[in-house]
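Here the structure is laid out as structure tokens; the discussion comes afterwards.
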Amino acid sequence: MQLRIVSTVLGMLLSFSLLAELSPEPIPNVEILPKDYPDSWIFAHDANFASLLTGQLVILDVAADTKEYKGSLDASQFGTFIQSSTREELYVGETFYSRGTRGDRTDVVTIYDKSSLNRIGEVVLPGEKRAQIVVNKYAMQLIDNDEYLLVLNFTPAISVTVIDIAKREVLNEVPIGGCNMIYPSGKRGFSSLCGDGTIMSISLDKKGQVIDRTRSEPFFNADDDPLFDKPMYLENIAYFPSFKGDIQPIDMTNDPDILPKWSMISEEDAKENWRPSGWQIISASDEHLYVLMQKNGNWGSHKSGGEEVWVFDTSQQKRIKRIALKNPGFSIEVTGGKKPLLAVTGTDMTIWVYDLDGELQRNIVVGAPSAMPIMLNAKR
Amino acid sequence: MKWLDNLAEKSTRKLARSSGRRSFLAKLSAGIVGGSTIPLLPVARASGGGNSYPGVGSQSTGNLEDPGDPTSCDYWRYCAIDGFICACCGGSANSCPPGTEMSPMTWIGTCRNPADGKNYIISYNDCCGRTSCGRCMCNRNEGDVPVYRPQQNNDTNWCLGTKSNVYNCSTGVVLGIALE
Amino acid sequence: MNRMFQGFVFGCIIASSSVTNADFKPEPIGIIETLPEQYPDHWIMAQDLSFFHMLEGAVRVIDPSEETTGDQYKGQMTSSFIAVFEHSKVRNEHYVIESFFSRGGRGGKRTDLVTIYDPTSLSVSDEIEIPAKRLTGMPKGTQAALIGEEERFLGIYNFTPAQSVSIVDLEKRVFVNEVATEGCGFVIPNGARSFSSICGDGSFLTSNLDASGALTSSTRTETMFDPVGDPVFETPIAYDDNAYFLSFSGKLLPVNIGEKQISAGDWLSLATTEDEKSWRPGGITPMTSDTNGNVYVLMHPDGGEGTHKNGGSEVWVYDLEKKKRTNRIELKNWSLVVGTSGTGKNKFLLATNTDMAIDVYELPTANYARTLTGAGSTPFVIDGLN
Amino acid sequence: MKESKNLFDRISEQVSRGLAQNTSRRGLFGLLGAGIVGMSSIPLLPVARAAGTGQPQASDLQESGDDQSCDYWRYCSIDGFLCTCCGGSVNTCPPGTEMSPITWIGTCKNPEDGKSYIVSYNDCCGKSGCGNCLCNTNEGDRPMYVPAKSNDINWCLGTQSSVYHCSTAIVVGMAFE
């Protein structure tokens, strides 16, 4: 059958005249991306709530008015995503069923080549326990110069699977009961926030075995003023905003060092009940934190999104700028490089791009009408 | 809750009905060779400037001999295309997005290049192995015949002969000039 | 490890048991709804092909006579990768013919199945693996069909692009045979243990099966229509002993598809006046019928080459008994898909509009009644159960 | 309970400052907190005993409102597609799905009798997302490190398939006043 088709093509080609103004174009022809992406590229993670099996990551150049869509990766069933900064690799944690929504379950970390976006490997995760949570960067992290990949499990028993990612080999599973999420800390380890207001820290040896486990004194109250679970790292300091508007810095260089917290909310702001709100609400550029803020925030409004982005200087611990968004934001990310841009996933689920002075640059639609690109990953 | 409302509103941002046809295309043959495409809703057509797809950047071929915007459903090469336009999805008019696979079998149309007035054979190779791109849905049916003539039909998923049959987007590759 | 969770659980026990005196009975947990064994005949099976997310289509069971989404929506069967739906009255079973990929959107190993659903529980009662070569594409009613009076066999059209039909024995729950239909496609049943396929040259091929599902003989007709000048849509409607095919120009071709012999009748015209000649049928599913021999066709004005999928602003009704067009229904919204359901008082014309919501019209008045909103993102097929 | 009481006071204070839109059902959450029910493993739960009867039963609960609306009183801490719009009901799953035995629990105030009830948000699993009536209320919701109070987690756990379809809201008990 294919032979017949090929001969049909040849037959048609033979009948073409040689007067072509446009030359015949090669088939097949598949794009390749640069090994080192420009600073303005981001990965927009479309959680796709109405069709979770077809979640995806879309690579966008937020500085571009043309050819802004660079490619995509699939990320099935509450996928997780992280880029390697030492290898030309991208990692997607995902879950498949042999019959789509039913049948045998397989959890994998899929490994993609960064420039071809071809799948170059896969690590099958044991135990059918990969955490399925709404897209969250801290459900999968790289540590120790990207040598080890950590994947969160939730059954609801909570643990972390340790993978030697160079060898594509599962090394260990570390239980972290009472605590959750993976915040890289120390030379080769991670920390997790705990429901009792403490932070637990685990150090691993080269074989992924636990060599040390510490737990802090309680330093926040998860009932009264919880910390958001998605912090922003600047160097080794993780900045956790709280529901009511504090910033809790934690130095993750070694065992977590709880630094003094400070408030983003002035007395004036408090009168208008400004609070942080949204999904991915904090990002950073240089020494500056960018936080998505909501006016008239209240109990339960911490995931509603906000109408302004406030910029704070971390050394002075004070606000240096307010950016009013054209369309309310749900998630934000600041790109790196010399000309950073502020990318905002609007509550309309399209991407709004601003310069750091707050001027709207462009609006980008990511995919199908149901797309929900609620996690933005700047180039790492 | 506001964002949910807005989301619902956005999903009503639907594709418009097509209008305006090029009758000259009706006379041209569109043949298969294998074939490409997936089908769909009749789509948004340019009204005035731009490609008429909100949130999608316009493009230019930068080639006077190949005029038009490859992200627009009105681009001359797309006279018998049916699916998501690859130029909006990380590919171009004649290339697939990274990480996908181009279908070796293609559905072929004959489209007139307004620059030289000549008719070109266009091969609508599908790009496969990624879930639907979802951007720039474009469906033009000049020369389309029902599926019992598969070689002239664009309702078929032409991700055949590829490692994955999952359809991502469609290209429009110039194969050569058609004899008048 | 689980201590924390137990803590929460015990907290709840204390709370709950402390209210034993209160005048209150807790509600049971774990109850799953069921549907009646025989659905009311005005219910519809709306198939959401999920065009933007093809791995997660669904066949949704909907009561179009109800007012709220919740009352309308009865349940769904997830249908993977632009699947095909069939229902057997004889066996009272639903069939979803679907494809799975071991690694989802990026592919991996493909598995094609006939998934069998129990209509009462809407749960999977069985599955039959078939060759991974079924046609995938826009929905056509004749991609698969039940064959024979006893509906023992299911024929499924394959396209690789080699053309064939897979025969499944529904009684034994096995794939039994692949019948080559080179140059022809689709499965049009005729009630006997045979089926016909439409060929690219305008002729028909009939394949006859034996009791085991093996091919015994096949016959091919002369050309019956012009597939270039005025092609017919793939999917006919069946009435009496005829299959009525609709041509792009708006004519109906009655074809008597018998086991031994196929014969075409005279063309019937939907248009009645000269003014109507520019009206053309079109849509994703442009034609349907009811149990009384009325054909409903989605029509648009100013038709021409390439407009055959544009949908329409009107539905024209043709009465096959009276052999004349009896009505022109002006639709509330431009629509792309039509279907009917029901008999007697609860009888409906359904039309998927360009917002992908389903408008409901009461028959025979054709009065607009309501719009169904819970039918999914792209409901391209609406099946009544008659 | 002391901590919770204080919390409740503080929430009430916010309500009185006029921040809330739905004051009727606001502020009661956190009184008892929220918890997970492991139905199969904890037979002592009234929840489990009731389930043994096998039939949905109309309790003496007086209710009002539209259970297909996100504002319905039982939905004070739900996140997902309402099963009432998906072929199920407020306390039953659509045909062919499986109800998750592990649930996230909220405390909602019934405006009809002014009492607070414990509502169990059992997910229905094993079919693709329903897509109808998406509702997300976050009162009492906590970040992921308090998993028992986080609605960002796919709670289709302990089911044959973890694919999420829709959410119910089952009244399983009465809360302390």
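Brief remarks on what is shown
- The range D:113-136, subset polar (S, T, N, Q) and open to solvent by less than 10 Å² (accessible area, probe 1.4 Å), residue farthest from residue C:58 (Cα to Cα): D:116
- Residue in the range A:305-321 that is closer than 29 Å to residue D:151 by Cβ and open to solvent by 50 Å² or more (accessible area, probe 1.4 Å) present: yes
- Any hit, the range A:244-260, residues being open to solvent by less than 50 Å² (accessible area, probe 1.4 Å), among the small types (Gly, Ala, Ser) and modelled with pLDDT of 95 or more: yes
- Against the list (1) in a loop (DSSP other than H, G, I, E, B); (2) among the aliphatic types (A, V, I, L, M); (3) open to solvent by 10 Å² or more (accessible area, probe 1.4 Å), the condition residue C:55 fails is (1).
- Residue satisfying all of: in the range A:29-60; in contact with a Gly (Cβ under 9 Å, 6 or more places away or on another chain) and acidic (Asp, Glu); nearest to the other protein chains (Cβ to nearest Cβ) among these: A:31
- When restricted to residues that are closer than 15 Å to residue C:201 by Cα, of a type in the set (Ser, Thr, Tyr) and open to solvent by 40 Å² or more (accessible area, probe 1.4 Å), the range C:220-239 contains 1.
- Search result, residues across the range A:280-315 that are part of a loop (DSSP other than H, G, I, E, B), at pLDDT 95 or above and among the hydrophobic types (A, V, I, L, M, F, W, C): A:281
- Scanning the range B:113-140 for residues that are buried (at least 24 other Cβ atoms within 10 Å of the Cβ), more than 21 Å from residue A:74 (Cα to Cα) and more than 7 Å from chain A (Cβ to nearest Cβ) yields a count of 5.
- For the residues C:323, C:277, the requirement of being on the phi > 0 side of the Ramachandran plot and basic (Lys, Arg) singles out C:323.
- Selection within the range A:103-125 - more than 19 Å from residue A:166 (Cβ to Cβ) and crowded, with 22+ Cβ neighbours inside 10 Å: A:107, A:117
- Restricting B:48, B:109 to those that are over 17 Å from the mean Cα position of the chain (by Cα), more than 9 Å from chain A (Cβ to nearest Cβ) and at pLDDT below 85 reduces the list to B:48.
- Residues of the range A:344-380 classified as of a type outside the set (Val, Ile, Thr), open to solvent by less than 10 Å² (accessible area, probe 1.4 Å) and part of a strand (DSSP E or B), total: 5
- Unique match (being modelled with pLDDT of 80 or more and out of contact with any helix residue (DSSP H, G or I) (no Cβ under 9 Å at 6 or more places or on another chain)) among B:138, B:128: B:128
- Candidate set from the range C:119-141 (those that are over 22 Å from residue C:381 (Cβ atoms) and not polar (S, T, N, Q)); member that is nearest to the other protein chains (Cβ to nearest Cβ): C:132
- For the range C:89-108, a tally of residues being in a helix (DSSP H, G or I) and out of contact with any strand residue (DSSP E or B) (no Cβ under 8 Å at 6 or more places or on another chain) returns 0.
- Residues of the range B:56-86 satisfying the condition of being in contact with a Cys (Cβ under 6 Å, 6 or more places away or on another chain) and aliphatic (A, V, I, L, M): B:56, B:81, B:85
- Yes/no for residue D:118 being assigned to a strand (DSSP E or B), closer than 30 Å to residue A:231 by Cα and within 7 Å of another protein chain (Cβ to nearest Cβ): no
- Any chance residue D:143 is outside any strand (DSSP E or B) and more than 8 Å from every other protein chain (Cβ to nearest Cβ): no
- The residues of the range B:156-177 that are facing another protein chain (nearest Cβ under 7 Å), outside any strand (DSSP E or B) and open to solvent by 10 Å² or more (accessible area, probe 1.4 Å), listed by number, are B:160, B:161, B:163, B:165.
- Contact annotation: residue pairs with Cβ atoms under 8 Å, 6 or more positions apart or on different chains, pairing a residue in the range C:91-110 that is within 13 Å of chain B (Cβ to nearest Cβ) with a partner that is open to solvent by less than 10 Å² (accessible area, probe 1.4 Å) and assigned to a helix (DSSP H, G or I), are C:104/A:54; C:105/A:54.
- Any hit, the range D:93-102, residues being of a type in the set (Ser, Thr, Tyr), more than 11 Å from chain C (Cβ to nearest Cβ) and either in a strand (DSSP E or B) or over 20 Å from residue A:134 (Cα atoms) (or both): no
- On inspection, residue A:153 does not qualify as surrounded by fewer than 20 Cβ atoms within 10 Å (Cβ to Cβ) and more than 10 Å from every other protein chain (Cβ to nearest Cβ).
- Criterion (closer than 23 Å to residue A:376 by Cα and at pLDDT 95 or above) met by exactly one of A:151, A:134: A:151
Each row is one residue, and each column tells you yes or no for (1) open to solvent by less than 40 Å² (accessible area, probe 1.4 Å); (2) modelled with pLDDT under 95; (3) away from chain B (no Cβ under 14 Å).
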position: C:143; (1), (2), (3): yes, yes, no
position: C:153; (1), (2), (3): yes, no, yes
position: C:164; (1), (2), (3): yes, no, no
position: C:169; (1), (2), (3): yes, no, yes
position: C:172; (1), (2), (3): no, no, yes
position: C:201; (1), (2), (3): no, yes, no
position: C:217; (1), (2), (3): no, yes, yes
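- The listed residues are C:71, C:112, and the only one of them that is surrounded by fewer than 24 Cβ atoms within 10 Å (Cβ to Cβ), part of a helix (DSSP H, G or I) and either of a type in the set (Asp, Glu) or touching a strand residue (DSSP E or B) at 6+ places or on another chain (Cβ under 9 Å) (or both) turns out to be C:71.
Conditions tested, residue by residue: (1) surrounded by fewer than 21 Cβ atoms within 10 Å (Cβ to Cβ); (2) assigned by TED's automatic domain parsing to the domain that holds residue B:145; (3) of a type in the set (S, T, N, Q); (4) not in a loop (DSSP other than H, G, I, E, B).
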| residue | (1), (2), (3), (4) |
| --- | --- |
| B:51 | no, no, yes, no |
| B:61 | yes, no, yes, no |
| B:65 | yes, no, no, no |
| B:70 | no, no, no, no |
| B:80 | no, yes, no, no |
| B:83 | no, yes, no, yes |
| B:90 | no, yes, no, no |
| B:98 | no, yes, no, no |
| B:109 | no, yes, no, yes |
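- Selected residue (only one of B:164, B:103, B:72 is within 24 Å of residue C:137 (Cβ to Cβ) and modelled with pLDDT of 90 or more): B:103
- Residue within the range C:53-65 that is more than 18 Å from the chain's Cα centre (by Cα), closer than 20 Å to residue C:361 by Cβ and modelled with pLDDT of 95 or more present: yes
The values are calculated or read from the model by the stated rules, or taken from the named source; none is laboratory data. For clarity, every value in this text was computed on a predicted model and none was experimentally measured. Because the Cβ atoms are built from the backbone with ideal geometry, glycine has one as well, and the counts that use them run over all protein chains shown. Note: accessible area is taken over every heavy atom of the protein model, side chains too, but ligands, DNA and RNA are not part of it. Shrake-Rupley method; radii C 1.70, N 1.55, O 1.52, S 1.80 Å.
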